[in-house]
Amino acid sequence: MTALGSSDADGTWRPDPALVATARVARLWQDLGVSGFTELRDRSVADPAWFWAATAEALGIEFDPPFEQVLDDSGGAPWARWFTGGGTNLATVCLDRHVTERPDDDAIVWEGEDSEIRRWTWAQLAAQADGLARLLHDRGVGHGDAVGIFAPMVPETIAAVLGIAKLGATFLPVFSGYAPDAVAVRLADAGAKALVCADGFWRRGKQVDMKAAADMAVASVPTVETVVVIPRLGAALSGALDVAWPAPVTEPFPTRVVDTEHPLFIAYTSGTTGRPKGAVHVHGGWTVKVAAEAAFQTDCGPEDTLFWFTDMGWIMGPWALTGALANGATLALYEGAPDFPAPDRLWAYVERHGITILGISPTLVRALLAHGEEPVRSHDLSSLRILGSTGEPWNEGPWRWFADVVGGGRCPVINFSGGTEVGACFLSPHPVHPIPPRSLGGPALGMAVDVVDDEGQPVRGQVGELVCRAPWPGMTRGLFLDPERYLETYWSRFPGMWWHGDFASIDADGQWFLHGRSDDTIKVAGKRLGPAEVESALVSHAEVVEAAAVGVPDDVKGEVLWCFVVLLPGSVPTDELRGELVDVVTARLGPAFRPAAVRFADALPKTRNAKVLRRAIRAAATGGETGDLSALEDPAAIDAVRAAR
């Protein structure tokens, strides 16, 4: 069992000195002649051009032709360009160089819900990606064309991303659980010329027919001329535009060198209205930033097997692909639910495939801990080195369960925060310094982040707005076809600073914490409250699995606090329990934030990557407009909120 570190009685993880000396981020500061992590981070923020050029070199990311300038911000921070004048391609970094160096090593391991297991070497992945590139090229797809990917996390999905990148085309990752209308909106917005889709997948013992949804979507998008079908379920081709997934080829398709600022993919994210936002990410900046995060935050290298419980339609799908493959690691993929057909499914998967880096969301941890410790402890998880999480704030109880039960107290929890438009993260711990429960450590390398008050002035020891004062390589190059919306959304609140919409704080020890979305802010009698604080109090109760807190309009106080909770199986919702929960919140936060209502729900509306959709809860509770719900895993959860008692 690798000696990574250990946890104190208060839950703080402390690294073993051997890890501090050998971690990839330690090797970076040693190679750069820097005294340690603190100096490295300070210099990376003060001189980003120096840092990102050095990082690309350290990661073996070459540019052909070489870039002329690391950072060109002559058009202003919102429109910064990186590695200008250089040539690159995601597929060169994440595939071609590994095929040359280690063709027979595993690039991908995949497990289906039906227990099928497939492994692809680097050479096999290349043959699949080259086959798709050749097929699309022969059907008229070329430089700059948009190609949708509507598929679960199967090996062909990874080959599709790389094959499309090889062409210099732009891929559109579409969440595998979307309904036809949501798929169509994204394909139409980008003017997609082709679609790669799976015929379906297994989830909780049932076949999900993706092809039917794809056919309905494509019928309303006249720009789509080709539909390439991945045969996960073996269904026959049925559409006039259909072509079968191609056989692997023996003749490599030449990867096209593109400008570093050439669009790599458009990641759509739901907004509060019915119109999705398309974040544009490019070959150069995205690849360098995400490769660096995986290397220096999760210590990912060629000996690792990285698994992140996600979908290609969420930003962590492209992140996992890039982070693992750019660093030569094996990328692990997974089909189905984490607790089906038995509560230990995920933990058996980790053991079976020797996962070393495991990423899951706080909400998913809260759902899994309801099954108790036995499903975890019945498996040997000693392969784990790093635990990762992102997507939302933690509650301390689930965080410690993840760290202590899953990680055995020896693995750091690398809890980072960014977003689809960020293209990576703002905040992250690094495995070379202590990590208290729930902490995000501090600024990620090269990120000039800060916490400010409503006037844009720095604050410490209190909750404020998370901002970034300078551009970074992985940031979106605007919103697709909507530059004004981009400027209004991110750059208008605090001039010269990116406003992210997250509440954050920095404590006396310099540790950073998140407190939820600022657009989820609850204001009771003029007092501002983040929902995460309420939810942490609620889930500290032994009978609560998960919770959501929202503000509901009130004539007297402006807003009052309503709480929705999901109980452990077997727990009985009673007025006595309701009173206990009211008292828990009041004791933790004070009488001013005494909940006006606590309601018991069978489920909370969540996205497929396990984020609780509080605006939908608020709308369901008040009868308001729910906005875009296409990202919901289970639309029936809205009805569960309406039926909460």
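The values are calculated or read from the model by the stated rules, or taken from the named source; none is laboratory data. Every value quoted in this text rests on a predicted model; they were computed, and no experiment measured them. Every residue, glycine among them, receives a Cβ derived from its backbone with ideal geometry; neighbour counts consider all protein chains shown. Ligands, DNA and RNA are excluded from the accessible area calculation, which covers all protein heavy atoms including side chains. Shrake-Rupley method; radii C 1.70, N 1.55, O 1.52, S 1.80 Å.
Under the condition of being under 23 Å from Leu387 (Cβ atoms), part of a loop (DSSP other than H, G, I, E, B), touching a strand residue (DSSP E or B) at 6+ places or on another chain (Cβ under 8 Å) and open to solvent by less than 20 Å² (accessible area, probe 1.4 Å), the residues counted in the range 438-469 number 5.
Summed over the range 495-505, the residues that are touching a residue at least 40 places away in the same chain (Cβ under 8 Å) and open to solvent by 10 Å² or more (accessible area, probe 1.4 Å) give a count of 5. Mind checking whether some residue in the range 354-368 is open to solvent by 10 Å² or more (accessible area, probe 1.4 Å) and at pLDDT 95 or above? Yes, some residue in the range 354-368 is open to solvent by 10 Å² or more (accessible area, probe 1.4 Å) and at pLDDT 95 or above. Does Asp575 meet the test of being more than 26 Å from the chain's Cα centre (by Cα) and modelled with pLDDT of 90 or more? Spelling it out, Asp575 is indeed more than 26 Å from the chain's Cα centre (by Cα) and modelled with pLDDT of 90 or more.
Residues that are open to solvent by less than 10 Å² (accessible area, probe 1.4 Å) and without any contact (Cβ under 8 Å) to a residue 60 or more places away in the chain occur in the range 162-173; there is at least one. Considering the range 208-248, and only residues there that are polar (S, T, N, Q) and surrounded by 14 or more Cβ atoms within 10 Å (Cβ to Cβ), the residue that is farthest from Ile164 (Cα to Cα) turns out to be Ser220.
Total residues in the range 256-271 satisfying the condition of being open to solvent by 30 Å² or more (accessible area, probe 1.4 Å), modelled with pLDDT of 95 or more and of a type outside the set (Lys, Arg): the figure is 4. In the range 470-487 there is no residue matching the filter, namely being open to solvent by 40 Å² or more (accessible area, probe 1.4 Å), over 17 Å from Leu589 (Cα atoms) and polar (S, T, N, Q).
The C-beta contact set for the range 456-482 (first residue under 22 Å from Asp520 (Cα atoms), second residue open to solvent by less than 20 Å² (accessible area, probe 1.4 Å) and among the charged types (D, E, K, R), distance under 6 angstrom, 6+ apart or interchain) comprises Pro458/Asp450; Leu466/Asp502; Val467/Asp450. For the range 543-557, taking the residues that are β-branched (Val, Ile, Thr) and more than 12 Å from Ala621 (Cα to Cα), the one that is surrounded by the most Cβ atoms within 10 Å (Cβ to Cβ) is identified as Val544. Answer yes or no as to whether Asp575 is in contact with a strand residue (DSSP E or B) (Cβ under 6 Å, 6 or more places away or on another chain) and open to solvent by 40 Å² or more (accessible area, probe 1.4 Å). In short, no. Right, Glu116: free of Cβ contacts under 8 Å to residues at least 60 places away in the same chain, surrounded by fewer than 21 Cβ atoms within 10 Å (Cβ to Cβ), farther than 23 Å from Asp299 by Cα and charged (D, E, K, R) or not? Answer is yes for this residue. Taking the range 54-95 as the range and being within 13 Å of Gly285 (Cβ to Cβ), open to solvent by 30 Å² or more (accessible area, probe 1.4 Å) and assigned to a helix (DSSP H, G or I) as the test, only Trp79 passes. What about Asp519, is it modelled with pLDDT of 90 or more, within 31 Å of the chain's Cα centre (by Cα), open to solvent by 50 Å² or more (accessible area, probe 1.4 Å) and among the charged types (D, E, K, R)? Considered against the rule, which asks whether it is modelled with pLDDT of 90 or more, within 31 Å of the chain's Cα centre (by Cα), open to solvent by 50 Å² or more (accessible area, probe 1.4 Å) and among the charged types (D, E, K, R), Asp519 comes out as no.
No other residue among Asp404, Asp380 is part of a loop (DSSP other than H, G, I, E, B) and either more than 25 Å from Pro302 (Cα to Cα) or open to solvent by 10 Å² or more (accessible area, probe 1.4 Å) (or both) apart from Asp380. The residues listed here are Leu172, Leu136; of these, the one that is closer than 22 Å to Ala217 by Cβ and not in a strand (DSSP E or B) is Leu136.
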